[in-house]
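The values are calculated or read from the model by the stated rules, or taken from the named source; none is laboratory data. Bear in mind that the values here come from a model prediction, so they are computed numbers and not experimental data. Note: ideal-geometry Cβ built from the backbone for every residue, glycine included; neighbour counts use all protein chains shown. Protein only, heavy atoms only, side chains kept; ligands, DNA and RNA dropped before computing areas. Shrake-Rupley method; radii C 1.70, N 1.55, O 1.52, S 1.80 Å.
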Amino acid sequence: MSAATDRSAWARVWRPAPALAIAIGACAVVLAAAVLVARERGRARERLPQVTGAIAIDGLDEPVEVQRDAGGVAHVLARSRRDAWRALGFVHAQDRLGQMLWLRAVALGRTAEWIGEDGLPSDRFARTVGFASLAAEATAALPKATRDVLDAYAEGATAGIARVRAGDAGLPASLDALGVARAALEDWTAADSVAVFKLLCWGAGPSIEAPAVLDGLTQRLGGVGARPFEPQDESLPAVTVPFTPPAAVPSTTGIVPGDESAPPAPAADAFVPRLLDGTAWVVSGAHTASGKPLLAADWQVALTAPALLHQAHLEAPGMRIAGALVPGVPVVWLGRSEALAWAVLPARAVTTGFFEETLRERSAGTLYHDGYAWRPAAERVEVLRVRERGGAFREQELRVRTTRHGPLVHELFSGEHAPLSLAWTGAVEGDGLTSLLALARAGDAAALREALRTHHEPVVSVAFADASGGGGFQVAGWLPRRVLPTSMQPVPARLRTYDWSVRIPFDELPARALAGSSRGWIAVADASLVASDGGAADAEWLWRTGARAARLDRLLGRFVARGRVDLRDLAKIQVDTVSASGPALIRSLDDLLRGAVLAPEEDEMLGVLRAWDGDLAPTSRGAAVYAVFVEEMTSALFADAMTPSLFARYSALPNGRIRGVMRGIVAAAARDGSAGARAEGEPRAAGWSEPERVRPLARRALRRTWARLAWQLGPSRDRWVWGRLQQARFAPFGAGALGGEGAGGFDVPRPLGGGEGALVGAVHDARFRVERGSTYRMAVDLAIDDEMLSSLVPGQIEANAPDRGQAAAIEAWIAGRASVLRTAPGLEDAAEDRVLVLEPAPR
């Protein structure tokens, strides 16, 4: 055999079969994937906070012990208050650095440095309002004690940032996915905390969109037709005034130009965390099993990973506090000390004013008329840095002009607008941090209320209780005394009647004491503050339907009548899924359609609604039909009359009440359309609630409900349940939402109960995507000085993938189970492998 023949034969013997080649290739792919997975897991471990051993950090006076309990909550045990605040800043940088830096970037108008063009609308908004300059001025004016807390906190946060810069700790996944360099991370300062605080204060009020949308409604519908949609306290709007809703949709309006079918663009303040809702209540010791007051509360915010709030416990001489904070700001918004518990909730007050200015452009600058004469507008130029592909930066200038009312903001809106200036209570000189920090030092209810006397921002409703039996609620903050109401719409800048001259005195703001309550409890929810408490009638408030407050009163009355109330009862109330407003709507619908010959689909849907018990449980078929009908009925009544784009923008306003207006219209139509509803000679209502208009729209909504359920969930009626429509998804927080894979988030849908009007707190959009939920809950018995019940989802730390602990926390939250947070010195469940000692760095 020749050499060539020999080689040929050898090749034939060793030539791999096609299947074998595929197998080898597949193994190579699997091996490469395994390497990548192992590498990513290693990077994920690097991002986890160090919880054992010792770390030396600058600024500490003495060692501080940080214990982690089974839920990952940091318990800071320090020998001085200043070291406790330093350690808290370090812990926040350990657990939530990506979140802190994102909030700072939003507040300072620097998000475009991370995400490019997508950040420009937010940056223009932040620079125009001037969070950074307002924070600098406010920081310089802070009392020394407050500044000391912020400086200590900033020292600890900076120590955590320095470890990331040096490579001793992992870069947050959200920043890594965006390609942010470690070396680019800047130190934290006291002014940064104040800027983030200013950002949160803005998020506790109306959005920048609200006045433009309400102005658009007035232009489209007229003053009478738009009146039901304006902010108001009443549970039912004035819907029976004579008015003819527009039948046709115009191609454009002054507020919403262009394609009416296109989805509305995000508002300029879309990156601002919204703090617009929450529920709290205090029960007198006369009705509790322990004989001491109970307090329960929640915050309803966007479902994000990580959550907006973070739990911590701080122990130092003369201080033992525990509760929920927003990383970046050392304020315990919901929490307790040894003898006092409190919940700081947004009061849903109107804290902005928009003024239509008269301008003249001159070569020397802009002039505006102040009502008496022409004045030059102040002007400054802000330089925005925009990140481009490849990591390079370009600069863009922003011209900000300011009148006596505030900055001109009309260019932040889409479309053409008259020149508008913005007045905001956060731009008025004052201090909100000192009063909120003082809550941690207040020893009883009287001291807490006194600390709130000088509170400036945000405008809050504070529920509180102490171990001696005191308690109640107090609205606090800088609210302008309004001579004329504005309904959040632009008013003439030259008419000084609308100017903000003085604040409403503290003693005139709504308040109630537990001792003066005839029922034995006080609730802070969505009820009218003016109607229930008197005073502050010349303030303006955001939409308040009263649905949750009514349900809460019924449940508390039921539990009190049954016997002594304990923490388990409060925990049950917090996860109540019954709709307070649903059954009333169904009764009105039934009255409206009584005697009508219905199509089969209409009859089927109405039959399901009649049998529904009002429970928005995930397994409820009636809840699914109800929720879809509400969306279809709301759209049927308003979408064409408003124009689809304006309807979408109004529906998207945080805490708007378009569904409440719909329920009021159906109720009014049912009253007017039923036999014997009107006295002889009484005129029939006209306008939105005219029965001849509402009845066919209700039937159409029932048919569309049937069709939507069949299309979305399939033909089987067994699948038509609420939990298949409303599902919890935890989107990445902040920059993580824009950072692509690896940026975080828990986008694994889980059936979620509750909805509008339910105490469990779930707010969804028209497509049933959950926009807000009660991601933090707490309950305190003032008879027990070293523990509280709490629930925080999805967990304490930033993570780029769901781990078992966080997945379990989500399941427990959905099921309504809470954990015990202990605050006694030393932790029974703190194992040696969860104790970290922070040591002073050599000086």
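General remarks:
- The requirement of being at pLDDT below 95, open to solvent by 30 Å² or more (accessible area, probe 1.4 Å), touching a helix residue (DSSP H, G or I) at 6+ places or on another chain (Cβ under 7 Å) and over 30 Å from LEU439 (Cα atoms) is not satisfied by ASP176.
- Each residue in the stretch 655-671 was checked for being in a helix (DSSP H, G or I) and more than 18 Å from ARG767 (Cβ to Cβ), and 11 of them qualify.
- Put simply, of ALA623, ALA652, ALA596, ALA648 the only residue that is among the hydrophobic types (A, V, I, L, M, F, W, C) and surrounded by 22 or more Cβ atoms within 10 Å (Cβ to Cβ) is ALA623.
- Any hit, the stretch 464-473, residues being open to solvent by less than 10 Å² (accessible area, probe 1.4 Å) and not in a strand (DSSP E or B): no
- Residue within the stretch 405-418 that is of a type in the set (Asp, Glu) and more than 25 Å from ALA140 (Cα to Cα) present: yes
- Residue list for the stretch 398-422, restricted to those being open to solvent by less than 10 Å² (accessible area, probe 1.4 Å) and under 23 Å from the mean Cα position of the chain (by Cα): LEU422
- Given (1) free of Cβ contacts under 8 Å to residues at least 60 places away in the same chain; (2) in contact with a Phe, Trp or Tyr (Cβ under 6 Å, 6 or more places away or on another chain); (3) of a type outside the set (Gly, Ala, Ser), index of the condition ARG621 fails: (1)
- Any hit, the stretch 384-391, residues being aliphatic (A, V, I, L, M), open to solvent by less than 10 Å² (accessible area, probe 1.4 Å) and at pLDDT 95 or above: yes
- Unmet criterion (only one of (1) open to solvent by 10 Å² or more (accessible area, probe 1.4 Å); (2) closer than 30 Å to LEU437 by Cβ; (3) not in a loop (DSSP other than H, G, I, E, B)) for ALA343: (1)
- Scanning the stretch 785-827 for residues that are of a type in the set (A, V, I, L, M, F, W, C), at pLDDT below 90 and either open to solvent by 60 Å² or more (accessible area, probe 1.4 Å) or in a strand (DSSP E or B) (or both) yields a count of 1.
- Near pairs, Cβ below 6 angstrom, 6+ apart or cross-chain, from the stretch 639-654 (assigned to a helix (DSSP H, G or I)) to any residue that is among the acidic types (Asp, Glu): PRO644/GLU260; SER645/GLU260
- Positions within the stretch 317-331 being open to solvent by 10 Å² or more (accessible area, probe 1.4 Å) and not in a loop (DSSP other than H, G, I, E, B), in sequence order: MET319, ARG320
- The set of residues in the stretch 296-314 that are assigned to a loop (DSSP other than H, G, I, E, B) and over 8 Å from TYR776 (Cα atoms) comprises ALA302, LEU303, PRO306, ALA307, LEU308.
- Only one of ARG558, ARG564 that is over 14 Å from SER284 (Cβ atoms), at pLDDT 85 or above and more than 28 Å from the chain's Cα centre (by Cα): ARG558
- Some residue of the stretch 225-235 being under 23 Å from the mean Cα position of the chain (by Cα), at pLDDT 85 or above and not in a loop (DSSP other than H, G, I, E, B): yes
- Out of GLY335, GLY328, GLY371, sole residue that is under 30 Å from LEU120 (Cβ atoms) and in contact (Cβ under 8 Å) with a residue 60 or more places away in the chain: GLY328
- Applying the set (1) surrounded by 21 or more Cβ atoms within 10 Å (Cβ to Cβ); (2) under 25 Å from the mean Cα position of the chain (by Cα) to ALA617 leaves exactly one unmet item: (1).
- Which listed residue is at pLDDT below 95 and open to solvent by less than 50 Å² (accessible area, probe 1.4 Å), from GLY714, GLY736: GLY736
- Subset of the stretch 57-67 [at negative phi and open to solvent by 10 Å² or more (accessible area, probe 1.4 Å)]: ASP58, ASP61, GLU62, PRO63, GLU65, GLN67
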